[in-house]
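Chemist: Can you read through this structure? Questions will come right after.
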Amino acid sequence: MLAHYTPEMVERDRRTALAQIGRRRMALVFGWVASCLEDDQLAVTLAEHPRLVQYLFSRFWWPDYQRRMTELYGAAVQPLSATLAAGVAA
């Protein structure tokens, strides 16, 4: 991707996407993204956000997303992150 886009373009698109998601869908999108990340990627992603977002993710967003994911797909579907798979929000 970086062969075609500069880091500035990627950052601009990231900010645009975050602005367009809206507060009501932020938890769902954040949980979905987190479920696709390995532990090292998850740590970097969480570190990019304020402590409030990190707190909301660990206490509310991830547990809610995990509950929804289990209801839809069953317990056999696990996130890539070993930390999240163990039921511990980062």
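The values are calculated or read from the model by the stated rules, or taken from the named source; none is laboratory data. Since the model is a prediction, treat every value here as computed from it, not as a measurement. With ideal geometry, Cβ positions are generated from the backbone for all residues, glycine too; neighbour counts draw on all protein chains shown.
Chemist: Just to verify a result, which residue in region 35-68, among those that are in contact with a helix residue (DSSP H, G or I) (Cβ under 9 Å, 6 or more places away or on another chain) and hydroxyl-bearing (Ser, Thr, Tyr), is nearest to Arg23 (Cα to Cα)?
Modeler: Tyr65
Chemist: Tell me which residues, restricted to region 34-65, are under 19 Å from Arg15 (Cα atoms), in contact (Cβ under 8 Å) with a residue 24 or more places away in the chain and basic (Lys, Arg).
Modeler: none
Chemist: Which of the following residues is surrounded by 15 or more Cβ atoms within 10 Å (Cβ to Cβ) and either over 14 Å from the mean Cα position of the chain (by Cα) or assigned to a loop (DSSP other than H, G, I, E, B) (or both): Leu56, Leu37?
Modeler: Exactly one of Leu56, Leu37 is surrounded by 15 or more Cβ atoms within 10 Å (Cβ to Cβ) and either over 14 Å from the mean Cα position of the chain (by Cα) or assigned to a loop (DSSP other than H, G, I, E, B) (or both), namely Leu37.
Chemist: Out of Ala3, Ala43, I need the residue that is closer than 20 Å to Ala82 by Cα and small (Gly, Ala, Ser). Which one?
Modeler: Residue meeting the stated conditions: Ala43.
Chemist: Give me the residue from region 69-82 that is in contact (Cβ under 8 Å) with a residue 40 or more places away in the chain and either surrounded by fewer than 14 Cβ atoms within 10 Å (Cβ to Cβ) or of a type in the set (A, V, I, L, M) (or both) and, out of that set, nearest to Leu18 (Cα to Cα).
Modeler: Leu80
Chemist: Being modelled with pLDDT of 90 or more and either β-branched (Val, Ile, Thr) or surrounded by fewer than 13 Cβ atoms within 10 Å (Cβ to Cβ) (or both): is that true of Pro50 here?
Modeler: yes
Chemist: Could you grab me the full set of residues in region 1-27 that are hydrophobic (A, V, I, L, M, F, W, C), surrounded by fewer than 11 Cβ atoms within 10 Å (Cβ to Cβ) and under 23 Å from Leu56 (Cα atoms)?
Modeler: Result: Ala17, Ala19.
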